[in-house]
Amino acid sequence: MKAVVKTRRAPGAELVDISVPKPGADEVLVKLMAGSICGTDVHIYAWDSGAQVYIKNVPQVLGHEFAGTIVEVGKEVTKFRAGDYVSAETHIYCGKCVQCRNDQRHICETGRIFGLTCNGCFAEYFTVPERVLWKNNSQLTPEIAAIQEPLGNAVYCALGDYDENLESKSVFVVGDGPTAIMAAGVAKAEGARSVIILGRHDKRMEIARRMGADRALKDGQGAEETISDITAGKGFDVVLEMAGSPEAVKLALRWTRIGGRMSAFGIHGEPFVIGNYGEYVRSGKKILPISGRLIWRTWEEVQRLLESGSLDVSPVITHKMRLQEFEKGFGLMTQRPKVSGKVILIP
């Protein structure tokens, strides 16, 4: 079969012929219907410092966002069967550590990450453990089903730990990547009074408006003055930091109102410093780190949003191409200024 494989610890990847894998006792073999390129895949493709944290062994099949059909099941699989239409949670949890025992499987201390620390889905066939499979609604198109995993990131980021709702609240999204754009749509679908997004790329700002953002502000063009005017200098109820830079983090925390919540989703490697700790403590601002999705609570919320019709994520999908055209897909994801949302690969 054909697969997109990281063959060397260097930039790039190759389309190579490899054997169809055999599912283990607790695994299923899936035939790919649609795969989606994630920003993390781009880092791995470019082989930057962030990617090298995950990829320890090569060769490795890339990709972790997918929709597909089960064609074979292992002897211990009980909940799924051949023909089932599935996607998957990418955090392959152990089920035994203290986090897993306390319903925090998304931050399992010994778990693997599908497509990052083990072979992924950019192949005609691939294996997935039963415990992380999600059965899709048959009415969901493969392209939409393939982006449920990053949509889950957006849902978790927007809704936090579900101890609050967004009804009538103001939401500020920092960043204009596909997941940030989806988070803007989630916030609006969940009843936010106003959703403002700050980004750098005109095409993505256009997509964000189609997703429901009330205003899309261009970074560096008097944006902070506009934000101050919008909020009367008070800041937003909820701020989603989804850009992943030290500057974005500072801006996000600054514009979280007193008593508000900041979701920290973007990743960078610099120190995180709070200038005046006492002032921060007195502010009552809550910083919530977002890692993956709450298993399976976030997936259930994704399902509800998609099946209710309250959220349409199709504007985020901007390109579809064959699996063998993966280099073109990665090129679109890295092109500047950014012109793509989600890029879908079809076998």
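Every number here is computed from the coordinates shown, using simple stated rules; none is lab data. Everything numeric in this text was worked out from a predicted model, so none of it was measured. Neighbour counts are summed over all protein chains in view; Cβ atoms, including those assigned to glycine, are modelled from backbone coordinates with ideal geometry.
Rounded to two decimals, the Cα radius of gyration of the range 256-322 over 2.2 N^0.38 Å is 1.63. Once all Cα-Cα distances of the range 158-289 are split into 10 Å bins that start at 0, what whole-number percent is in each one? Whole-percent P(r) values from 0 Å outward: 13, 48, 34, 5, 0. For ILE113, the amide hydrogen comes within under 5 Å of the amide hydrogens of ILE92, CYS118, counting only partners 5 or more places away or on other chains and with H modelled in the peptide plane.
A simple rule links phi to the HN-Hα coupling: the Karplus curve 6.51 cos²θ - 1.76 cosθ + 1.60 with θ = phi - 60°, which for the range 251-258 gives 5, 4, 5, 4, 9, 7, 5, 4 Hz, with x for Gly and Pro. So which lysines pass the test for LYS56, namely a Cα distance under 16 Å, with those fewer than 8 places away in the same chain ruled out? Result set, ordered by chain and number: LYS6.
Compactness of the chain is given as radius of gyration and Dmax, 20.0, 62 Å, from Cα positions. Ordering TRP134, TRP255, TRP47 by the number of other Cβ atoms within 10 Å of each residue's own Cβ, fewest first, gives TRP47, TRP134, TRP255. Label-to-label distance, SER49 versus ASN137, with points set 7 angstrom from Cα along the beta-carbon direction: 4.3 nm. With the biggest extent put first, the Cα atoms of the range 96-188 measure 43, 36, 26 Å across the principal axes. Between VAL339 and ARG200, the contour length at 0.36 nm per residue exceeds the alpha carbon distance by 48.9 nm. What is the local net charge at GLN104, summed over the other residues whose Cβ is closer than 14 Å to its Cβ (Lys, Arg +1; Asp, Glu -1)? Neighbourhood net charge equals +1. Projected onto its three principal axes, the C-alpha set of the range 307-347 covers 36, 28, 8 Å, listed from the longest axis down.
What the Cβ-Cβ distance of ALA25 and GLU307 gives, at R0 = 41 Å and to the nearest 0.05, is a FRET efficiency of 0.80. Put in line by how crowded their Cβ is, counting other Cβ atoms within 10 Å and starting with the fewest, ILE207, ILE55 read ILE55, ILE207. Stretching the chain fully between CYS118 and ASP229 yields a gain of 35.2 nm (0.36 nm per residue, less the alpha carbon separation). Starting from the Cα of LYS2, step 7 Å toward the Cβ, then list every residue of the range 118-148 with an amide N under 14 Å from that point. Once the point is set 7 Å along Cα→Cβ of LYS2, 122-125 turn out to lie under 14 Å by backbone N, inside the range 118-148.
Sorted on the mean count of surrounding Cβ atoms within 10 Å across their residues, most packed first, peptides 212-219, 92-99 read 212-219, 92-99.
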